[in-house]
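What follows is one structure encoded as structure tokens, with my remarks underneath.
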Amino acid sequence: MKKWLFLLISVLLFSIALADTIHVSAITVNGGDDFYVLKNDVKVIKNDLEVLTDLATVTLVNEEWRNLESSGDIFIKTDTMEATSNLLKYDLKKDIGTLSGDVETTIKLKEDNKIIYIFCDKIEFNNKDKTYSGNMKSDDGLVKILKDDYVIFAKSFEYDENTKILVLKDNVTIKNDVKKINMKTSKATFKTDKNEISAQRVQLTLEIKNDNEKEEEENK
């Protein structure tokens, strides 16, 4: 009973110290004047941001509870994004974070409720501006992005939810087996609301269905 009472008081004081804008809960809380270590069933909530993990540390920067770091199995979500990763660093004041280590991310497109799926080694995101950038650390690795029937590969990407523009850089491949499209380029932009592609110095393959293929599809 005393253990749970201490935990409740610690969490309450911690929430107050964070100006009632950040809510924190955990099975175990240890810390002092400038840091708290949170363990087991950790939950951190600020506005639309929610972080679930088993180990996290919050530290004081210039008299503000600001830096959140976590390792292990991490789940993070906002009103438009969900992601899992092994490492998280997040600035609680600026709402800027970095996810790394087998990052899997989904971004919900508000205009039509469709989803962008992103698989990469590292993503930096700004939860205020709703912008993202990511890459693969290995020389031969490529970011994989799925949207509708499109399968996209690139060494790095940038995405802005406001403009709906996805910028792809280095070793870019854009494929759509349904529309028989296979594009290779060094840089491209992809408008996620209209599936429009812009690129230069492109190698593009477009396949035309023959009459037999059309008949087979119509008979299905």
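Once the Cβ-Cβ distance of Lys94 and Leu146 is raised to the sixth power relative to R0 = 30 Å, the FRET efficiency obtained is 0.50.
The Kirkwood hydrodynamic radius of segment 50-167, based on inverse pair distances between different Cα atoms, is 14.8 Å. Using 0.36 nm per residue and subtracting the Cα-Cα separation, the extra length available between Asp34 and Thr189 on full extension is 51.4 nm.
Would you mind telling me which residue in Ala154, Ala188, Ala199 has the biggest mean-square fluctuation in a Gaussian network model of the chain, where springs connect alpha carbons within a distance under 10 angstrom? Looking only at Ala154, Ala188, Ala199, the largest GNM fluctuation is found for Ala199. Between Gly134, Gly97, Gly31, the Gaussian network model of the chain with springs among Cα atoms under 10 angstrom shows the greatest mean-square fluctuation at Gly31.
With 24 Å as the limit on Cα-Cα distance, the pairs of Lys43/Lys93; Lys43/Lys128; Lys130/Lys187; Lys93/Lys130 all stay inside it. Just name one of Tyr117, Gly134, Thr28: the one whose Cα is farthest towards the positive end of the charge dipole of the chain (beta-carbon charges, Lys/Arg +1, Asp/Glu -1). Of the listed residues, the answer is Gly134.
Here's the picture: a label point sits 7 Å out from the Cα of Lys137 along the beta-carbon direction, and within segment 72-89 the residues with their amide nitrogen under 14 Å of it are 72, 85-89.
Measuring nothing but how far apart in sequence close Cα pairs (under 8 Å, 6+ apart) lie, relative to its length, the chain scores a relative contact order of 8 percent.
Heavy atoms of the protein chains alone define the surface here; on that basis the chain has 59 Å² accessible area per residue at 1.4 Å probe size.
Taking the chain as the reference, fit the longest principal axis to its C-alpha atoms, fit the long axis of helix 2-17 to the helix C-alpha atoms, and give the angle between the two in degrees, 0 to 90, nearest 10. Once rounded, one gets 70 degrees.
Using the Kirkwood radius over Cα pairs, work out the Stokes-Einstein diffusion coefficient for the chain at 37 °C and 0.692 mPa s, in µm²/s as a whole number. Don't skip to the answer; put the middle values down first.
Working: Rh = 19.6 Å.
This corresponds to a translational diffusion coefficient of 168 µm²/s.
Every helix of 4 or more DSSP H residues in the chain counts as -39500 (n - 2.57), and over all residues that averages to -3500 deg cm²/dmol at 222 nm.
The values are calculated or read from the model by the stated rules, or taken from the named source; none is laboratory data. In this text, all values refer to a predicted model and were calculated from it rather than measured experimentally. Counting neighbours? That spans all protein chains shown, and the Cβs are built from the backbone with ideal geometry, glycine included. We work out accessible area using only protein heavy atoms, side chains counted, and drop any ligands, DNA or RNA first. Shrake-Rupley method; radii C 1.70, N 1.55, O 1.52, S 1.80 Å.
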